[in-house]
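K.L.:
Below is a structure I'd like to ask you about.
The values are calculated or read from the model by the stated rules, or taken from the named source; none is laboratory data. In this text the structure is predicted, and so the values were computed from the model without any measurement. Reconstructed Cβ throughout: ideal geometry from the backbone, glycine too, with neighbour counts over all protein chains shown. Surface areas here come from the heavy atoms of the whole protein model, side chains and all, with no ligands, DNA or RNA. Shrake-Rupley method; radii C 1.70, N 1.55, O 1.52, S 1.80 Å.
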Amino acid sequence: MCLGVPARIIAIEADGVQATVETRGVQARVSLALVEGCRPGSYVLVHAGHAISVIDTEEAEARLNLWKELIAFKEASSMSASTSTIEL
Amino acid sequence: METWSTYHHKELTARLLVRVKSLAAAIAGKLGRRPVIMEVCGTHTVALARTGLRSLLAGCIDLRSGPGCPVCVTAPEEIDYMLCLARQPGVIIATFGDMVRVPGSSGSLEKARIEGCQLQVCYSPREAVTLARSNPDRKVVFLGIGFETTAPAVGLAVKEAAALSLKNFSIYSAHKLVPPALATLASDPDLKLDGLLLPGHVSAILGRRAFTFLAREYNLPAAIAGFEPLDILGALLELLLQIEKGEAQVNNAYPRVVSETGNPKAQEILREVFSLAPANWRGLGLIPLSGLKLNTAYQDFEATGRWPLELKPVPPPAGCLCGNVLKGLCLPPQCALFGRRCTPLRPVGPCMVSSEGSCAAYYRYAREAG
Ligand code: SF4
């Protein structure tokens, strides 16, 4: 029930609260009453007809890089471990 | 390209899976058993089953589902109250679809509808306000179930009804709060958890900080997770690294949606409209300050005030282990009724009804797999 759907804001109505968003080619009307600082083009997470969070693309990128580092380190060390075994 | 489609990143997902499995296996070697990790959120339960991650990880992680399906944790007496409401003259029940088929001691809302009760399934609580406006001769009651993720939207609907001075709109607030339930589980001596996968969308509202007590007071490692396979594996990796080092922190592995202090506007609505109240959870029992009731200013919109029906304690359905499933004490197939007397078509307990219930998720996906 806590399902959230990421969607892109297409247009914000004059009241500043109602917006049209698009997700996977489907458009819907949602309320922006629970978020601040979004513009057309922003990505939001929609739950029960309301945007509940503005998606931060920089944070998304940063986390991906962190995970890459966390596994690359281990992959590199296991790689060198297997190379050294071959050398032996 | 949508930003989150990077989260479908196949190659990285595959590499993370390899790493998570080998790290979990190393930890299992040290512990002499698989690390026990609870996925608190029902949406995670479904994602783990649907993507096959649960079975891919089964050999090295003991994944337990938690109390994160709002419909499932709704107490039997709360369901009975909803059924009583539905049978009141002139009432239209407005509800999220998940609640419709949950059995109470006198049938379900679906059955009540067949008997002639009026029922409207809503996607957003605002629709219930619209319904009340267009049916002035009826009394619309919205069933307020859900966690912190959902309660702000319900709060906004109540505010809207108040602004419109709607006399024929009320809500039955059976909302539940996640952190107090986690505190209850963390202090359960029967449940030896090594880590928690925290619900991403509850955290979007509350912020990471609302969960730091888990590390501080219970020494329990935790990570907030998103819902793509990549998100879940990334969070599991962060969690396992903590377990390996013997550390306890609350990592935010979903920072594109979750901030340190959460959503201020949503929190403000919660404070304005609701106040904390004790809540009765299926399986977990009565937990102080784990529920929300309407504030004095919005009292008129509380259905229990208009229909003060008595809630008699109701035993759970005979043989149903939902209570233990919700506490992570057992897995759905360990229930003797699972797949035999209890199936999604003829559910005995709520965990088999709700799309997010663990029993339903195990039934649907485990059967396909095997
Ligand atoms: S399988 Fe059915 S009866 Fe058993 S715990 Fe799950 S919902 Fe309850």
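K.L.:
Would you mind checking which residues have amide H under 5 Å from B:TRP281's amide H? H placed 1.01 Å from N; only 5 or more apart, or other chain.
P.N.:
Here the answer is B:LEU286, B:ILE287, since their amide H atoms fall under 5 Å of that of B:TRP281.
K.L.:
Evaluate the distance, in nm, between pseudo-label points positioned 7 Å from the Cα of B:THR296 and of B:ILE114 along their respective Cα→Cβ axes.
P.N.:
4.7 nm
K.L.:
Still on this structure: To the nearest 20 Debye, how big is the dipole of the protein assembly as shown about its Cα centre, given +1 on the beta carbon of each Lys and Arg and -1 on that of each Asp and Glu?
P.N.:
1080 debye
K.L.:
Please state the Cα pair-distance histogram of the protein assembly as shown with 10 angstrom bins from zero: what percent is in each bin?
P.N.:
It works out to 4, 20, 30, 26, 13, 4, 1, 0, 0, in whole percents.
K.L.:
Whole-Hz ³J(HN,Hα) for each residue in segment B:320-325, computed from phi via Karplus 6.51 cos²θ - 1.76 cosθ + 1.60 with θ = phi - 60°, x for glycine and proline: what do you get?
P.N.:
6, 9, 3, x, 6, 4
K.L.:
For A:ASP15 and B:ARG209, what does the FRET efficiency come to when R0 = 25 Å and r is the distance between their Cβ atoms, rounded to the nearest 0.05?
P.N.:
Working from the Cβ atoms, E equals 0.20.
K.L.:
Here's something else I'd like to know. Relative contact order of chain B: what whole-number percent is it, with Cα pairs under 8 angstrom and at least 6 residues apart?
P.N.:
21 percent
K.L.:
Another question, if that's okay. Once phi is turned into ³J(HN,Hα) by the Karplus curve 6.51 cos²θ - 1.76 cosθ + 1.60 with θ = phi - 60°, what whole-Hz value does each residue of segment B:347-364 show in order, with x for glycine and proline?
P.N.:
x, 8, x, x, 5, 9, 8, 4, 4, 9, x, 5, 4, 4, 5, 5, 5, 5
K.L.:
For chain B, what value does the Rg/Rh ratio take when both radii are computed over Cα atoms and Rh is the Kirkwood radius, given to two decimals?
P.N.:
My calculation of the ratio gives 0.98.
K.L.:
What translational diffusion coefficient, to the nearest whole µm²/s, does segment B:322-365 have by Stokes-Einstein, given a Kirkwood radius computed over alpha-carbon pairs, a temperature of 20 °C and 1.002 mPa s viscosity?
P.N.:
Value of D from the Cα-based Kirkwood radius: 216 µm²/s.
K.L.:
Output the Kirkwood hydrodynamic radius of segment B:35-87, Cα pairs only, in Å rounded to one decimal.
P.N.:
Mean inverse Cα-Cα distance, inverted, gives 12.8 Å.
K.L.:
Multiplying the sequence separation of B:ASN219 and B:GLU247 by 0.36 nm and subtracting their Cα-Cα distance, what value in nm do you get?
P.N.:
Computed gain between B:ASN219 and B:GLU247 is 9.3 nm.
K.L.:
State the volume of the convex hull built on the alpha-carbon positions of segment B:40-172, expressed per residue in Å³ and rounded to an integer.
P.N.:
Expressed per residue, the convex hull around the Cα atoms of segment B:40-172 is 115 Å³.
K.L.:
Given the rule -39500 (n - 2.57) for each run of at least 4 DSSP H residues, summed and divided by the residues of chain B, what is its mean residue ellipticity at 222 nm, to the nearest 500 deg cm²/dmol?
P.N.:
Only helices count here, giving -11000 deg cm²/dmol.
K.L.:
How high is the FRET efficiency between B:GLU11 and B:SER134 when r is their beta carbon distance and R₀ equals 56 Å, given to the nearest 0.05?
P.N.:
0.60
K.L.:
Using protein chains only and a probe of 1.4 angstrom, how many square angstrom of B:TYR298 are accessible, to the nearest 10?
P.N.:
30 Å²
K.L.:
Still on this structure, please answer the following. Could you tell me which of the pairs B:LYS192/B:LYS312; A:LYS68/B:LYS192; B:LYS159/B:LYS312; B:LYS21/B:LYS192 are separated by over 27 angstrom between their Cα atoms in the structure shown?
P.N.:
Checking Cα-Cα distances, B:LYS192/B:LYS312; A:LYS68/B:LYS192; B:LYS159/B:LYS312 exceed 27 Å.
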